[in-house]
Amino acid sequence: MNVIAITSGKGGVGKTSLASGLAVSLQNTGARVLVIDADLGLADMNIAFNVRPAHSLRDVIDGSVAIADAIVETPCGVKLLPAYAGSFDLANLDEHRRMGLLHAVETLQGSFDTIIIDTGAGIGATAMTFAAAASQIIVVTTRELASMADAYATMKVLSQRFAVKSVRLLVNMVETAADAQVAYETIELMARRFLQLRVELVGYVCRDAAIPAAWRQGVPFVVDRPTAPASHCLRVLACRLRDPEEGGNRGVSFWRRLAAAAEVVS
Ligand SMILES: Nc1ncnc2c1ncn2[C@@H]1O[C@H](COP(=O)(O)OP(=O)(O)OP(=O)(O)O)[C@@H](O)[C@H]1O
Ligand SMILES: [Mg+2]
């Protein structure tokens, strides 16, 4: 199972937009895709896919609903395990609940080819555990200095606390491909020098008004505006990410990585 965690240091860099666009792009290549909205409290994925689900990840964590029953099919066909819109602190779940949740995710193995987890911003224990357990970690940044600094801070936690050896960088809202390269080289150099962490540039997404416009319609931009430049960037990204063996944590089961990550947090 290819588990892709989408994370960032700073908020508002485009995680939810890109995670939803990536899900659609991967599905268009024939993959069975599940999106998990692990950014509880905001439940932005419900807006991105225009669903009003009856259940959420919160019910799964509470044990009142089985994980398979909380999954909804969105209008564009992508399956979603929604978050709960309201104050709920997923970031700091106690160990028992966090492990229960992560174990429930493991039971989905076989039902999906790819699981995309929108972890939410920052370095909360749950976000970091999900990220560390994923087969590929994508750290989203923009070219803004604050965003790059926070991306590095996230990498530092992943590397030093969770012994993560490699992450992939996705630079959003760029004007040119060269912008992405500059951001990448800055972060890669620091990560190599100070963290011994391998950072690979997995792609970039250009600044494109199609993304906020589609958001307002409640349709992923890849569906709403398939010919927009940002949609093209997402198709390229989807091709790179299809093969789980291409990078990240090769060949180790999600559950084993999870157990290792959870041990660090507890
Ligand atoms: N490539 C882009 N071009 C233009 N606007 C973008 C792009 N990517 C994202 N946006 C816009 O930036 C804003 C933040 O995007 P999004 O909500 O996806 O970020 P996020 O990282 O999930 O935020 P949060 O940390 O709050 O969950 C939205 O208004 C979205 O439409
Ligand atoms: Mg978000």
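The values are calculated or read from the model by the stated rules, or taken from the named source; none is laboratory data. Owing to the predicted nature of the structure, the values given are computational and were not obtained by experimental measurement. Positions of Cβ are backbone-derived with ideal geometry, glycine not excepted, and every protein chain shown enters the neighbour counts.
Only helices (runs of 4 or more DSSP H) wholly contained in region 189-247 count here; list those with 2 or more residues that are touching a strand residue (DSSP E or B) at 6+ places or on another chain (Cβ under 7 Å).
It comes to 229-241.
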* Asked: Out of region 146-184, which residues are of a type in the set (S, T, N, Q), free of Cβ contacts under 8 Å to residues at least 60 places away in the same chain and under 19 Å from Ile6 (Cβ atoms)?
  -> Ser159
* Single unsatisfied condition, Leu169 versus (1) surrounded by fewer than 19 Cβ atoms within 10 Å (Cβ to Cβ); (2) under 20 Å from the mean Cα position of the chain (by Cα); (3) under 18 Å from Ala146 (Cβ atoms) -> (1)
* Please enumerate the residues belonging to region 103-134 that are surrounded by fewer than 24 Cβ atoms within 10 Å (Cβ to Cβ) and among the hydroxyl-bearing types (Ser, Thr, Tyr). => Thr107, Ser111, Thr126
* To do: Test each condition in (1) hydroxyl-bearing (Ser, Thr, Tyr); (2) closer than 21 Å to Val3 by Cα; (3) surrounded by 18 or more Cβ atoms within 10 Å (Cβ to Cβ) for Tyr84 and report the one that comes out false.
  => (2)
* To do: Answer with yes or no whether Thr7 is at negative phi, within 9 Å of ligand 2 (Cβ to nearest atom) and within 14 Å of the chain's Cα centre (by Cα).
  => no
* Just wondering, is there one or more residues in region 188-195 that are touching a helix residue (DSSP H, G or I) at 6+ places or on another chain (Cβ under 9 Å), more than 30 Å from Asp94 (Cα to Cα) and either surrounded by fewer than 15 Cβ atoms within 10 Å (Cβ to Cβ) or modelled with pLDDT under 95 (or both)? -> yes
* Structure fact -> Those residues of region 33-54 which are away from ligand 2 (no atom under 16 Å from the Cβ), of a type outside the set (A, V, I, L, M) and in contact with a Leu (Cβ under 9 Å, 6 or more places away or on another chain) amount to Pro53
* Asked: Any chance region 24-43 includes a residue that's near ligand 1 (Cβ under 8 Å from one of its atoms) and surrounded by fewer than 21 Cβ atoms within 10 Å (Cβ to Cβ)?
  -> yes
